[in-house]
1. Kindly provide the set of residues from segment 186-207 that are open to solvent by 30 Å² or more (accessible area, probe 1.4 Å) and either in contact with a Pro (Cβ under 7 Å, 6 or more places away or on another chain) or closer than 24 Å to D239 by Cα (or both), ordered by number.
2. Identify all residues within segment 134-166 that are open to solvent by 30 Å² or more (accessible area, probe 1.4 Å), outside any loop (DSSP other than H, G, I, E, B) and under 14 Å from N207 (Cα atoms); write none if there are none.
3. Take P169 and decide whether it is of a type outside the set (D, E, K, R), open to solvent by less than 10 Å² (accessible area, probe 1.4 Å) and either modelled with pLDDT of 95 or more or on the phi > 0 side of the Ramachandran plot (or both).
4. Does segment 242-252 hold any residues that are modelled with pLDDT of 95 or more, surrounded by fewer than 19 Cβ atoms within 10 Å (Cβ to Cβ) and farther than 14 Å from P211 by Cα, and which are they?
5. For segment 185-221, what are the residues that are small (G, A, S) and farther than 27 Å from N262 by Cα?
6. Could you run through segment 312-325 and say how many residues are open to solvent by 100 Å² or more (accessible area, probe 1.4 Å) and free of Cβ contacts under 8 Å to residues at least 60 places away in the same chain?
7. I'm checking my understanding of the structure. Among residues of segment 84-133 that are in contact with a His (Cβ under 7 Å, 6 or more places away or on another chain) and polar (S, T, N, Q), which one is most open to solvent (accessible area, probe 1.4 Å)?
8. When M288 is evaluated against the numbered criteria (1) under 18 Å from the mean Cα position of the chain (by Cα); (2) part of a loop (DSSP other than H, G, I, E, B); (3) surrounded by 15 or more Cβ atoms within 10 Å (Cβ to Cβ), which criterion, by number, is the only one it fails?
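The values are calculated or read from the model by the stated rules, or taken from the named source; none is laboratory data. Quick caveat: nothing in here was measured; it's all calculated off a predicted structure. Cβ placement follows ideal geometry from the backbone for every residue including glycine, while neighbour counts extend to all protein chains displayed. Surface areas here come from the heavy atoms of the whole protein model, side chains and all, with no ligands, DNA or RNA. Shrake-Rupley method; radii C 1.70, N 1.55, O 1.52, S 1.80 Å.
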Amino acid sequence: MTSTYRAIAGLPLARVFAITLTIMCAPLAAQPAPYDSAKPLSRATLFAPGTISAGDYDSHVTFTPDGREIYFLKLAPNFSRWSIFVSRYKDGSWSQPEVAPFSGQYQDADPYITADGKHFYFISDRPVEAGGERQSHHDIWVMDKTDSDWSAPRHLPAPVNSDADSYYPIVLKNGTLYFGSERGDSRGLGDIYRAVPQKDGSYEVENLGPPVNSSAGEYEAFVTEDERSLMLAATRRPDSLGDYDLYLSHKQADGKWSEPVNLGPEINSPARELSPKLTPDGKYLIWMSCRVPALPAKPQRRTTAEVLKELRAPGNGLGDIYQIEVSAVPELRSPTK
């Protein structure tokens, strides 16, 4: 290193700084995340078909900050069974997904790893007290990152958890929690709530109110770290294209949220769309869709093996995971200030 710096002595300061920065950073160049596509993704594209999007009902993805570990949900088509699975990226491919060590016994769903990778939130009907019976509803739980894996799950206190179902926890770096719930003050089938942590460990919870919440059903919200943009999974809104659709709302100058805008037919379909998130680098939107590709106009007769392969593959009407570049979705571009 000494001989390198001696060789560049006498060059203009700006040039010396550029060379030095290149030397120092070259060994530390970050590897691209596994979700980073080598080609532009301007259309809705299946994520890891055959492994993560495998023909089961696959949904609700969350990544570790480096993108090399993925947790997601496998569930029954009628939503009667939920388990969280994990897969790790190694040697150029995703490992065969397995039930996560903390899941598989109770109804666990909606995993979310915080941006710093230190905390893992999810919902579950597991008993609050060890050895007790499972709950009749789903509460929010959290685990902390340890040297080996994740800590034992902890139950969040009231008023975050209540005697009603809670859904889709999203927690920002400042500790603010967004989640969906069907509690008594909901305006419709379900509403989005914001919970702010207090110094004593409690939370102050508020209903986001209109226009985010309506007389329809709002269940899942992904909020950016600056709390300026909110993506929403909702059902039965007047402009819905299908069962559940994804919407976008922006924080306005007066601090209020704008009227949610449908993300359009590239994202939404006549079927169900859920679990909107951005990848850790913010480059891609990733979500679940039950869309089915159009049938061919002139199909060929298929063998038994071909029919069964098609029925058990992504695009069979169960949940599949899709991604698209944020820059390809006009509604997701930053609003003009």
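1. Residues of segment 186-207 open to solvent by 30 Å² or more (accessible area, probe 1.4 Å): 187, 189, 194, 196-207.
Correct list: R187, L189, S202, Y203, V205, N207.
2. Answer for segment 134-166, where residues must be open to solvent by 30 Å² or more (accessible area, probe 1.4 Å), outside any loop (DSSP other than H, G, I, E, B) and under 14 Å from N207 (Cα atoms): there is none.
3. Numbers: of a type outside the set (D, E, K, R): yes; open to solvent by less than 10 Å² (accessible area, probe 1.4 Å): yes; either modelled with pLDDT of 95 or more or on the phi > 0 side of the Ramachandran plot (or both): yes.
So P169 passes the test.
4. Once the filter is applied, which keeps residues that are modelled with pLDDT of 95 or more, surrounded by fewer than 19 Cβ atoms within 10 Å (Cβ to Cβ) and farther than 14 Å from P211 by Cα, segment 242-252 yields nothing.
5. Start the filter on segment 185-221 by keeping residues that are small (G, A, S), which leaves 186, 188, 190, 195, 201-202, 209, 214-217, 221.
Passing the criteria: G201, S202.
6. Of segment 312-325, the ones open to solvent by 100 Å² or more (accessible area, probe 1.4 Å) are 312.
Remaining after also requiring free of Cβ contacts under 8 Å to residues at least 60 places away in the same chain: none.
Total meeting the criteria: 0.
7. Just the residues of segment 84-133 that are in contact with a His (Cβ under 7 Å, 6 or more places away or on another chain), to begin with: 107, 109-111, 123-125, 128.
Narrowing the set further to residues that are polar (S, T, N, Q) leaves 107, 124.
Numbers: Q107: 30, S124: 0 Å².
Among them, the one singled out is Q107.
8. All conditions are met except number (2).
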